[in-house]
Amino acid sequence: MRCIEADTIYTGKEVVNNAFLVLDQRTLVGISREPRGERLKRCRVITPAFIDPHSHIGMVRAGEPHSESEANDKHDSMLVLADALDSLQMDDCALQEAVECGVLYSCIMPGSGNIMGGKSAVIRNYALDSSRSLIARAGIKAALGYNPMSTTSWQGTRPTTRMGALAVLRRKLDQVEGKKKQYEQSSPDKQKEIVFSLEEEVLLELLKGRIRLRVHVHKIDDIAALLRLVDEYRLLVSVEHAMGVDKLHIFEELRKRNIPVVYGPVDGFPYKVELKHENWRNIKHLLDSGVEFGLMSDHPVTPARQLLLQTRWLIRCGLSRQQAVEVLTRSNARILGLEETLGTLEQGKWASFVCWNSDPFDLTGYPVAVYGEGDLLYQASEHDDRHSRAGDET
């Protein structure tokens, strides 16, 4: 058993002062007022490990030309079987940078150039290889709005309008829905003759509400179109981005339907007409609606290492620092289905946490140690520590 003393611990649910975080091997024992076991170190602040719920890290890689990025495959617009994990390269130096900034887990997914891009993968940013990185699946990527209608030069059946993209998606869903009804209405002997392809099996799980459709969508009316699709096919979905939403009502509608929003990236540049209403002040609508939400980096649109930096806008719009930490930890874990293992510093959770030299929301705050599942992944250099002490003296 080991413990770390801290002046302040952000647990993901509350703030605890002058306490010890206790861990046993790879899991947490909990928080104690007294030291228990070997004392590893003392730091000023501890937070849970941050989770990035929407990223292309390891697929679009730092220092490599854009032509070698692998977020979008261009051979068809409906890529149900594509798997983000198969394009993950763990030698992307952005992964280590993320770890050093406390972002230990990412949900990587295909890009938004295709109507359906493929499977997402929740990964350890610190794993030795892509197979060891995988910890969970968190849905299938889809895209509405401008992006899939902007890729007409790519191969396969390509829409040129929003209605065209939805028509392609509906046609595929209708085909599987029809086959599903045929199977259900057939005798046991006839059912043996009805064979579903691998692609159809995935879509069948989608239609049964067993897999979440993670839908790239920015504008209010594109979200309205998605909700019509949800009503038609009873889909389990999440709204990814929503940066063009500058009115309250659509977030309220998502709250009523228990549809979560993976919001962001807040600091991304509005580089297309679809984002003309993007503004940090829209966060007030997000908060006022009460909708369940998390916060993404959309790496490399904004670097994963800057995920915490985006929370300053949440705080400016009314959240406390603890609530801002909760968005990157507990909320993101819940949306990805990871709440049993990650997101809070509680007994039985993975011992994945970050030790800080000062309050992480201060400009001079940075991690001095990062632990993943009980292992020390990163420790600040002696130069960093000297710089921190010099700053205190100043």
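Structure values in brief
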{"quantity": "Selected residue (only one of 95, 81, 104 is touching a residue at least 24 places away in the same chain (Cβ under 8 Å), assigned to a helix (DSSP H, G or I) and either assigned by TED's automatic domain parsing to the domain that holds residue 135 or under 15 Å from the mean Cα position of the chain (by Cα) (or both))", "calculated": "95"}
{"quantity": "Qualifying positions in the stretch 158-193 - assigned to a loop (DSSP other than H, G, I, E, B) and of a type in the set (Gly, Ala, Ser)", "calculated": "186, 187"}
{"quantity": "Residues located in the stretch 254-276, provided they are surrounded by fewer than 16 Cβ atoms within 10 Å (Cβ to Cβ) and of a type outside the set (Lys, Arg)", "calculated": "258, 269, 270, 271, 273"}
{"quantity": "Among the candidates 291, 266, residue that is within 30 Å of residue 88 (Cα to Cα), modelled with pLDDT of 95 or more, in the same structural domain as residue 108 (by TED's automatic domain parsing) and in a loop (DSSP other than H, G, I, E, B)", "calculated": "266"}
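Yes or no, residue by residue, for (1) free of Cβ contacts under 8 Å to residues at least 60 places away in the same chain; (2) in contact with a helix residue (DSSP H, G or I) (Cβ under 6 Å, 6 or more places away or on another chain); (3) of a type in the set (Gly, Ala, Ser):
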position	(1), (2), (3)
151	no, no, no
154	no, no, no
170	no, no, no
175	yes, no, no
184	yes, no, no
191	yes, yes, no
197	yes, no, yes
205	yes, no, no
210	yes, no, no
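The values are calculated or read from the model by the stated rules, or taken from the named source; none is laboratory data. Keep in mind that this is a model prediction, so the values were computed, not measured. Glycine also receives a Cβ, built like all others from the backbone with ideal geometry; neighbour counts cover every protein chain displayed.
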